[in-house]
């Protein structure tokens, strides 16, 4: 582990760091036309940041399916609102395309939830938590990895908001885009420092 990175960090240390958020174009995909354009753009990428969101549950036994898949390149983010577009084949084909790497953090549950929605063979996924562990990082998770590798913090304020709401708020869009894009930023930082 190079000296410029911490191998662990406290929540107090994280709170002192500057805030980081995705500032590129955010495309909310809620129709078939938007879907076709988004998939065409994403197929040109070799590597993408990945995350999902679902409406939170507050009662025991309550279940909500995944409401959104987020995919981000270095420059633009796409929010696929599954609660509005269903489970389109082209999107799930992308989830199964081994030639497009999808980077996420703690993604096992995300993938299992997606497999409940549509039959597909997940392929090309990489969990940054595993990469971080392999190079000696003791604290994992998106907030801690952003702080350790980028020396910045990300907001988790929208995490438990309603992801099935009719129209996403500006804050939700920013949060969702950042959560996918940050995976790419962390990976690039690890790679540029010769740690892969």
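Any read-out appearing in this document is the output of simple, stated calculations on the displayed coordinates, not a laboratory observation. None of the values given here were measured: they were computed from a predicted structure. No Cβ is skipped: glycine too gets one built from the backbone with ideal geometry, and neighbour counts run over all protein chains shown.
With viscosity set to 1.306 mPa s at 10 °C, what whole-number translational diffusion coefficient in µm²/s follows for the chain from Stokes-Einstein and a Kirkwood radius over Cα pairs?
Value of D from the Cα-based Kirkwood radius: 92 µm²/s.
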Next item on the list: Enter the mean projected area of the convex hull around the alpha-carbon atoms of the range 20-62, in nm², rounded to one decimal.
Entry: 5.5 nm²
Notebook entry, point to check: Nearest 10 degrees, 0 to 90: what angle lies between the long axis of helix 108-117 and the longest principal axis of the chain (Cα atoms)?
Noted result: 0 degrees
Note to self: For a quick size check, give me the Cα extents of the range 74-156 along its three principal axes, largest first, whole Å.
What the structure shows: 38, 25, 23
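At a 10 angstrom cut-off on C-beta neighbours, averaged per residue, how do the peptides 122-132, 56-66 rank from highest to lowest?
122-132, 56-66
Tell me, in nm to one decimal, what length is gained between residue 75 and residue 33 on full extension, where the rule is 0.36 nm per residue of separation less the Cα-Cα distance? If you can, show how the numbers build up before the last one.
Numbers: separation 42, 0.36 × 42 = 15.12 nm, distance 2.10 nm.
Full extension from residue 75 to residue 33 adds 13.0 nm.
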Notebook entry, point to check: Given the Cα-Cα distance of residue 44 and residue 164 and 0.36 nm per residue of separation, how much length would full extension add, in nm?
Noted result: 40.3 nm
Margin query: Using square roots of five times the C-alpha gyration tensor eigenvalues, list the equivalent-ellipsoid semi-axes of the range 105-144 in whole Å, biggest first.
Written below: 25, 11, 5
Check: For the range 59-111 and the range 162-187, what is the separation of their Cα centres, given in Å?
Finding: 12 Å
Note to self: Given the -39500 (n - 2.57) contribution per DSSP H run of 4+ residues, what per-residue ellipticity at 222 nm results for the chain, rounded to the nearest 500 deg cm²/dmol?
What the structure shows: -11000 deg cm²/dmol
Checklist line | Label zone at residue 113 (point 7 Å along Cα-to-Cβ), backbone N below 19 Å, the range 54-79 | finding: 54-72, 78-79
Next item on the list: Express as a percent, rounded to the nearest 5, the fraction of DSSP beta bridges in the chain (both residues included) that run antiparallel.
Entry: 50 percent
